[in-house]
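Student: Take a look at this one; I'll ask things after.
The values are calculated or read from the model by the stated rules, or taken from the named source; none is laboratory data. What you see is a predicted model; the values in this text were computed from it and never measured. Note that each Cβ is placed from the backbone with ideal geometry, even for glycine, and that neighbours are counted across all protein chains shown. Just the protein is used for accessible areas: all its heavy atoms, side chains included, with ligands, DNA and RNA removed. Shrake-Rupley method; radii C 1.70, N 1.55, O 1.52, S 1.80 Å.
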Amino acid sequence: MNEPLSERALQRLLAMAAGENETLAPPSLPERYEIVREIGRGGMGIVYEVIDHQLGRRCALKTLGAGAGTDDELRRRFAREATAAARLRHPHIAAVYDATPGFITMQLVEGGPIGAVPAIAQHVAVELVRDAALALQHAHEHGIVHRDLKPSNLLVEGRHVYVVDFGLAKTIDAASSLSLSGSIMGTPSFMPPEQALGHAERIDARSDVYGLGASLYYCLGGTPPFTAEDLPTLLRRVVEDEPKPVARDRDLDLVLARCLAKEPERRYPSARELAEDLDRWLRHEPVHARPASFFYRLRKRLQRQRTLWRAAAFAALAAVLLMALVLTPIALRESAARTAANEAVELADHVATVLHEAALYRRLGDHLSMRHELDAGIEHTRGFLGHHEVPRARYLLGRLLRAREMPDDALTQLQLALASDPDLADARFERGLVLAARKELSVAERATAIADLGTALGERSVVGDVDLLFGKAELARLQGDHQQAMELLEEVLEYDGMHVPARQALSTCARALGQESLAFYYAISALDVQQGYGPYYLARERNALPTSILGLEGALVDYADELRSAGDNALAFAHRGLAQLRRSQRLQREGRFAEALEAARDAVEDHRSVLTLHAELAAALNNRAVCWMVVDLLQAKAGDGASAAEARGHAEADAARAIELAPQLAAAHFNAGLIALRKATVLRALGRIDPAAKQGEGAVTAFRSALALAPEDWPQAETCRQRLAAAETIGKMPR
């Protein structure tokens, strides 16, 4: 543990920061310090390696050199570095031991800047920046923003990184008197746009995220994100240009692009979230960073062009003021119209994404997530309409409301869209679908629905192929051609087996054709899909369970074949359980841990239902063990160690029983190894070395069994080998 800065020294530094007069003559070092060598020098002074004979250790000593003279800002920076670093206790932040107005002693880092590490591997650079991000998160949580992150302030010792030089640090929660408002402070090649523009009030934790991204960019590409021969050009590029990709890896380039976004709100909101995304990259998992959409890039280009147009207009105003007075209102209206158009394009992009995500959740049987996604999209679209009355936005809202099974509200929005723009074919098509779905139609409504669908389909409006096919089927049904409608609707189900309106329409057509049993089947299946059992019907068609879940530690197995001919709902429960497990993983990635825990427990209950019907089903026991493992990790994250240990015990029992019933099941051995490794890690953290080593040996045995039993193309093989190496390390600990 690093010693805290003494109260007396801290008071001296605070007095310096407040501007009290103290001598700035180069100090004579106390006899306790012996200078070994000079490490480096900069604008504020010289850094030496010294021996502290009083405490018997080597440390770094930074002096405020005579060259600083009476420069008040350098004095403040010197004091600020010590006061900022002294408040922090983190393994990746160089600790301050003592300070006076003339020197600071701190932890000696036996290494060099991250950018000077020779031939640094890409994954090593990512690991180091991830650790630096965790250190910066600690600083931010203590109210400190670094403001000068660059490769030279990330020192590397072996595979350990230290954040140093808090000379430009400022507090987050208060306007610091040590900041020069409107001035440019920092290193231009690595500073964010808001700092380059001198907007001190906008600098926060996201500014440090930019600096971390710029430092990682330098490590991967060998140059800063932006370079220029002169400072004005460099600052302009920082503010206006986009950096070129350097990582030769799409996901890593996405992370860098998000770090280096011009607008702070488009960067990672915290250093921790950056660290978590870098961790995902290191684990070969999908990162949360997303590329800027085409429409965002288009809007930025339009904004840039608008900026140039306004500059030209301003020059003309000086010469023709009278004309400008006439044209300005027109220009403002056009500008507002362009802004609304740009935002409408973005809205269409957003709604398309929402509908796609909702359809995915519906296919998985996760109707809670589907409704959550649609509700968020509806709220977003209503917010847009609160500022801009655009007919197409009304149409988009109508689509969302129909997907949310709110047909009356959808019809209201579509009527409003068509009242403003009667030629909006997409809105007519959507209105035709809403009217066709009604159980009872008046003669006028039927005529309207037929006209809407016929006109829109004749113009081949821009809708998805499945929607277009469904619209053709509904038009045939409304016109009385039920046989053709059934053929088209069955084709819809081939594309999308979870299409509830198609199943409902098939039930109506079958009844009209006198096929009552088929009508009953489609009606019941539509109800089942609405209640979350949709994957059951998909499994019957494709005979597979959705066992591939991103970010999951354990190994799931597909046992749909064993339940295919079962005369019960076991397969439906199995599908819903895995959908709940997938939902739990998504909620974890979103930071919604309480909801994630609830979903994981629901997954356990669904697997319990499967095992109630088929008690000796080893594969179901294996999959329930994975669900319990997720519960264990979430309970531990919530600080409930007792509940975590209980869940771990259930997972261990299920995995052991699965191995007993099916000794050749590689996934069960793998899961048993993961559980043993987890127990070993917990025991080691508690200082219980002997039990930890014993659990490590058990994990080694389980992992080796899994590898021996697994097929050559087993997806978990590489993960199993990595966990085996970790278990061997724990198993060999001295007892």
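Student: Enumerate the lysines that Lys439 could reach by cross-link, defined here as Cα to Cα under 30 Å, with residues fewer than 8 away along the same chain left out.
Tutor: Lys472
Student: Let me ask you something else. Distance from the Cα centre of segment 607-660 to that of segment 391-415, in angstrom?
Tutor: Using only Cα atoms, the two centres lie 43 Å from each other.
Student: Then there's this: I'd like the accessible area for His53: 1.4 Å probe, protein heavy atoms, all chains in place, Å² to the nearest 10.
Tutor: The accessible area of His53 comes to roughly 100 Å².
Student: Also: Please report the accessible area of Arg283 (heavy atoms, 1.4 Å probe, ligands and nucleic acids excluded) in Å², nearest 10.
Tutor: For Arg283, solvent-accessible area is about 120 Å².
Student: Suppose every Lys and Arg Cβ carries +1 and every Asp and Glu Cβ carries -1, with no other charges. What dipole size does segment 371-437 come out with about its Cα centre, to the nearest 20 debye?
Tutor: Details: 9 positive and 11 negative charges, 15 e Å.
Magnitude of the dipole: close to 80 debye.
Student: Then there's this: Amide H to amide H, which residues 5 or more places from Gly112 or on other chains are under 5 Å from it, using H placed in the peptide plane?
Tutor: Answer set, sorted by chain and number: Val156.
Student: Residues of segment 107-165: accessible area per residue at 1.4 Å, in Å²?
Tutor: Numbers: 1980 Å² over 59 residues.
Value returned for segment 107-165: 34 Å² of accessible area per residue.
Student: How much accessible area does Ser270 have with a 1.4 Å probe, in Å² rounded to the nearest 10?
Tutor: Estimated to the nearest 10 Å², Ser270 gives 20 Å².
Student: Oh, and also: With label points built 7 Å along Cα→Cβ from the Cα atoms of Glu157 and His356, find their separation and express it in nm.
Tutor: So the two model labels end up 4.8 nm from each other.
Student: Can you give the Rg to Rh ratio for segment 372-508, taking only C-alpha atoms and Rh from Kirkwood?
Tutor: On the way: Rg = 14.6 Å, Rh = 15.2 Å.
Rg/Rh: 0.97.
Student: Follow-up question, since we're still on this one. For segment 473-524 and segment 225-261, compute the distance between their C-alpha centroids and round to whole Å.
Tutor: Here the two parts' Cα centres lie 55 Å apart.
Student: Moving on to the next point. Counting Lys and Arg as +1 and Asp and Glu as -1, each charge on the Cβ, what is the dipole of segment 605-735 about the Cα centre in debye, to the nearest 20? Working shown, then result.
Tutor: Working: 15 positive and 15 negative charges, 116 e Å.
The calculation lands at about 560 debye.
Student: Per residue, how much accessible area does segment 359-509 show when a 1.4 Å probe rolls over the protein heavy atoms, in square angstrom? Working shown, then result.
Tutor: Working: 6870 Å² over 151 residues.
Normalised by residue count, the accessible surface of segment 359-509 is 46 Å².
Student: Using a cut-off of 14 Å between alpha-carbon atoms, which aspartates and glutamates can reach Lys694, once sequence neighbours fewer than 8 places away in the same chain are excluded?
Tutor: Glu728
Student: Between Glu590 and His387, what FRET efficiency comes out of the Förster formula 1/(1 + (r/R0)^6) with R0 = 22 Å and r the beta carbon distance, rounded to 0.05? If you can, show how the numbers build up before the last one.
Tutor: On the way: r = 27 Å, r/R0 = 1.24.
With a Förster radius of 22 Å, E is 0.20.
Student: Here is a follow-up. Quick one: with all protein chains in place, what share of the accessible area of segment 369-491 is carbon or sulfur, to the nearest percent (1.4 Å probe)? If you can, show how the numbers build up before the last one.
Tutor: On the way: 2850 of 5890 Å².
Percent of accessible area from carbon and sulfur atoms in segment 369-491: 48.
Student: When the accessible area of segment 585-735 is split by element with a 1.4 Å probe, what percent falls to carbon and sulfur?
Tutor: Details: 3720 of 7060 Å².
That fraction is 53 percent.
Student: If you don't mind, there's one more thing I want to ask. Glu201 versus Lys244, label points 7 Å from Cα toward the beta carbon: distance in nm?
Tutor: 3.8
Student: Under 16 Å between alpha carbons, and skipping anything fewer than 8 positions from Lys244 in its own chain: which lysines qualify?
Tutor: Lys262
Student: Next up: For segment 698-711, just list the computed ³J(HN,Hα) in residue order, Karplus coefficients 6.51, -1.76 and 1.60, θ = phi - 60°, integers in Hz, with x standing in for Gly and Pro.
Tutor: These are the phi-based 3J(HN,Hα) values: x, 5, 4, 4, 5, 5, 5, 5, 4, 5, 5, 8, 6, x Hz.
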